[in-house]
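Every number in this text was worked out from the coordinates using simple rules, so none of it is lab data. Quick caveat, the model's predicted, so the values are computed rather than measured. Here the Cβ is made from the backbone with ideal geometry for all residues, glycine too, and neighbour counts use every protein chain on show.
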Amino acid sequence: MSATKTQVSVTVSKDGPYVVSGSPPLTKQTIVANADGESLQRQEGKAYDTPARYALCRCGHSHKAPFCDGTHAQISLTAPKRQSARPILRRQPYSTVRPLPF
Ligand code: FES
């Protein structure tokens, strides 16, 4: 038996959506709080039918969320040139970094 692997890729378009190819599954997930009020779990929701290639909204203004409907062009989405590749903990000022609980 041979399994065929499909290459999945996500491309960030300039001032536009995330372009996804390779048919990865897409489901809505909601972060939910436990009995102690901690948001540590995700609740799986709706599964979306997706074509082999699709565009995910990055501007937050699509009327067909989570998919891009082209609205970004009307609101002039201007994304940052480049995100930092440094780990998040190293981007925070020293005083806000808490020690790990172990
Ligand atoms: S990125 Fe296209 S509508 Fe949001």
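A cut-off of 5 Å between modelled amide H atoms, ignoring neighbours fewer than 5 places along the same chain, links Ala55 with Val20, Cys68. The mean sequence distance of close C-alpha pairs (under 8 Å, at least 6 residues apart), as a share of the length of the range 11-79, puts its relative contact order at 33 percent.
Packing, taken as the mean count of other beta carbons within 10 Å per residue, orders the peptides 67-74, 37-44 from highest to lowest as 67-74, 37-44. Taking Cα centre as origin and charging only the Cβ of basic (Lys, Arg, +1) and acidic (Asp, Glu, -1) residues, the dipole magnitude of the range 11-79 rounds to 240 debye.
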